[in-house]
Each structure stands twice: as structure tokens, then as C-alpha cells.
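Q: Quick one: the structure is below, questions incoming.
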Amino acid sequence: MADKFDRIPVMTRLRNNFLTGLIICAPLAITIWLTFGFIRWADSWVKPYIPTRYNPENYLNIAMPGLGMLIAILMITMIGFLGKNLIGRSIVSFGESVLHRMPLVRTIYKSLKQIFETVLKEQSTSFKKCGLIEFPSPGTWALVFISGDAQGEIAARLNENGEEMISVFLAPTPVPTAGFLMFVPRSKIIMLDMTPEEGARLLISGGLIAPDFKPKVVQPTIVPTAVSPRPGT
């Protein structure tokens, strides 16, 4: 075993060590960079509107990263709390009625509101399952994210043939942020046990990071044997 290890060139071992370190450090560095970038973006939007006498940085003489994001979270939570009572609902309804009178703004607002309500709804089944469909040709399978049952006119038109249709999202590799919305018969979809997060990792890695899977073991059914009656009974 030692002879086999010594045959590996030094540059090959250095390259392998570098790639191993890159796999460890790159996701951590990108996560930290994105997190602090989002915090700085939130601070740049909120801090200019904080009155000087209420800004703690003026008294501590030190920068407080995340202060703007914290204030934004508190304000959004407060608006949500006020929006649940009668006065808050009245104000929101009045504001929406004003927006609905604006030709371009009402379309944007209605679309964004519908998206957020669908994504944040507690009972929503959006992207909670993964499946396989034959794409782009029979015998070739592609991973898709299940959006739910087809809705509205699309469902009415497609269900005329007696086949229940499901809306799925087909994402490309390695960037699953853009893709195709497709409507597939339920009978043509193979449902998977993997979570959407595991499916996303599988797509991003190009099939290199496959989630663990343990096949379900079917317990054999034990049929009780009939007991023969004793003689004379």
C-alpha cells in the first residue's frame, strides 16, 4: 500500500489537496459573501431614513452592520400585526383600491401579490415534491419540481380528455433558476421521495451529489396456519 501511495506524483497530490480545500472553502466563502452583501444592501436602504437622534451609531461611534435589516424586519412585522386588525385592513384595502386604478401598476402589484401569497401560504404545496418525466424524448428522464394541480382555464382545457394534469417546473443544470413550466398528466409522472432541496443539489452538481436513498423493505405477510382438530373432538 505504501509503494502505491509513493507512486502518486507530488503535483497530483497537491492538486487533489487544493481541490479538496476548494470544495470546503468555496461554499463557506460564497455563503458569507452573500450574507454580508444582503446585510449591507438592507442597511443602505434603511439607514438613510433613520433619524439621527435614534441612530445608535451616533452614540457608540462604531458601525453596526445589520442594524438596517433588523429595523426593516421589525417594521415589516409591525405592519403585518397592524394589517390584521380592522383599522389596518381598512387602510390596506384603501391602498389596494388606489393601486387597482393605475393601469400598469395594478398588473405588477396583482402579480407580485399572488406570487408571494402562493409561496408564503402555510398550506401551499408548491415545490414540496420532486418527480421524473420523460423529456425530451421517450426513454429519457428529467427531474422536475411539482408545482401542483393545473388551475383555471388550463386545467379546464386539458382535463377535457379525462386526464388529470399536473404543473411541473423543469429546471436546467447547473443553474436551476430558469426553466420551463410544463403541464404533464399525473400518470406520466414518477413521484420521488427526495426533497426539493436534495433535487436542487442534484441539479446544481450535474448529478454528482445524489441524495441517499434506502429502498423500503416490504415485510412478508405471515399467513397463520390452520390448526387441525384433535381426534375425538
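The values are calculated or read from the model by the stated rules, or taken from the named source; none is laboratory data. Just so it is clear, the model here is predicted, and its values are computed rather than measured. So basically every Cβ, Gly included, is an ideal-geometry build from the backbone, and we count neighbours across all protein chains shown. Protein only, heavy atoms only, side chains kept; ligands, DNA and RNA dropped before computing areas. Shrake-Rupley method; radii C 1.70, N 1.55, O 1.52, S 1.80 Å.
Q: Going through region 172-190 one residue at a time, which ones are open to solvent by less than 90 Å² (accessible area, probe 1.4 Å) and assigned to a strand (DSSP E or B)?
A: Met182, Phe183, Val184, Pro185, Ile190
Q: Can you name the condition, by its number, that Arg89 falls short on among (1) at pLDDT below 75; (2) within 28 Å of Asp43 (Cα to Cα); (3) surrounded by 10 or more Cβ atoms within 10 Å (Cβ to Cβ)?
A: For Arg89, the exception is condition (2).
Per-residue answers, yes or no, for (1) open to solvent by 70 Å² or more (accessible area, probe 1.4 Å); (2) part of a helix (DSSP H, G or I); (3) touching a Leu at 6+ places or on another chain (Cβ under 8 Å); (4) not hydroxyl-bearing (Ser, Thr, Tyr):
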residue	(1), (2), (3), (4)
Leu19	yes, yes, no, yes
Ala26	no, yes, no, yes
Ile30	yes, yes, no, yes
Trp33	yes, yes, no, yes
Pro48	yes, yes, no, yes
Pro65	yes, no, no, yes
Ile71	no, yes, no, yes
Met78	yes, yes, no, yes
Phe81	yes, yes, no, yes
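Q: Here's a follow-up. Considering only region 142-171, state which residues are open to solvent by 50 Å² or more (accessible area, probe 1.4 Å), without any contact (Cβ under 8 Å) to a residue 24 or more places away in the chain and either on the phi > 0 side of the Ramachandran plot or of a type outside the set (Gly, Ala, Ser) (or both).
A: Across region 142-171, the qualifying residues are Asp149, Gln151, Gly152, Glu153, Arg157, Asn159, Glu160, Asn161, Gly162, Glu164.
Q: Let me spell it out: the conditions are (1) at pLDDT 85 or above; (2) under 16 Å from the mean Cα position of the chain (by Cα); (3) assigned to a loop (DSSP other than H, G, I, E, B), and Ile146 meets all of them except one. Which number is the exception?
A: (3)
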